[in-house]
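The values are calculated or read from the model by the stated rules, or taken from the named source; none is laboratory data. Computed from a predicted model, the values in this text were never measured in an experiment. Here Cβ is always computed from backbone atoms with ideal geometry, including for glycine, and neighbour counts include all displayed protein chains. Remember, those area values only see protein heavy atoms, side chains included, never the ligands or the DNA or RNA. Shrake-Rupley method; radii C 1.70, N 1.55, O 1.52, S 1.80 Å.
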Amino acid sequence: MSSHGGFIGAALGICFAVRERGMFFSIADILTVPGAIGLALGRIGNITNGEFGIYPYYEVVGDVIIAAICYVLLGRRRGLTFPIFLILYSILRFLLEYVRPQEWSYIFGLTRGQAYTIPILIIGVILWRYADKQ
């Protein structure tokens with residue numbers, strides 16, 4: 001679940017890099033599209049290495065669609081693109097866990113990927129609500 005740790009690291013990096021409180025959403029919005037494309041490229045690496053069967057193909061398509069949606073949203077309203085990305089990506093990951101081969105035990109009936117994705121969804125919704133009030 002390295003992508004989940006990547007989200008945490010990227011968010012912390014933005015927080016440390018941004019000195020002004022209101023700049024977080026601006027920087028996060030700008031980095032969202034390249035980040036989504038980077039996720040897709042990482043999945044292409046999984047395909048090249050023959051990892052996870054057909055699962056990465058679905059994820060590449062999903063990442064590209066999410067990147068396109070975020071690109072269209074970029075600049076429409078400050079602070080909207082990043083939370084929408086988190087929400088869409090968490091929904092995609094949650095659903096794709098049904099076709100991914102499971103190597104680990106389940107947590108409350110959910111795969112580890114699904115369990116780790118729920119906080120990303122919650123954070124996305126909270127940030128969306130917060131950005132909507134700005």
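Structure notes:
- Applying the criterion of at least 1 residues that are over 14 Å from the mean Cα position of the chain (by Cα) and of a type in the set (Val, Ile, Thr) to the helices (runs of 4 or more DSSP H) found wholly in the stretch 42-134 leaves 55-73, 112-133.
- The one condition from (1) closer than 15 Å to ALA28 by Cα; (2) free of Cβ contacts under 8 Å to residues at least 12 places away in the same chain; (3) open to solvent by less than 80 Å² (accessible area, probe 1.4 Å) that GLY109 does not meet is (1).
- The numbered conditions (1) open to solvent by 40 Å² or more (accessible area, probe 1.4 Å); (2) modelled with pLDDT under 85; (3) within 15 Å of GLY124 (Cβ to Cβ); (4) not β-branched (Val, Ile, Thr) are all true for LEU88 except (2).
- Residue match in the stretch 94-117 (condition: among the aliphatic types (A, V, I, L, M) and closer than 12 Å to THR32 by Cβ): no
- From the options GLY53, GLY75, GLY38, residue that is of a type outside the set (Lys, Arg), surrounded by fewer than 17 Cβ atoms within 10 Å (Cβ to Cβ) and closer than 19 Å to GLY13 by Cα: GLY38
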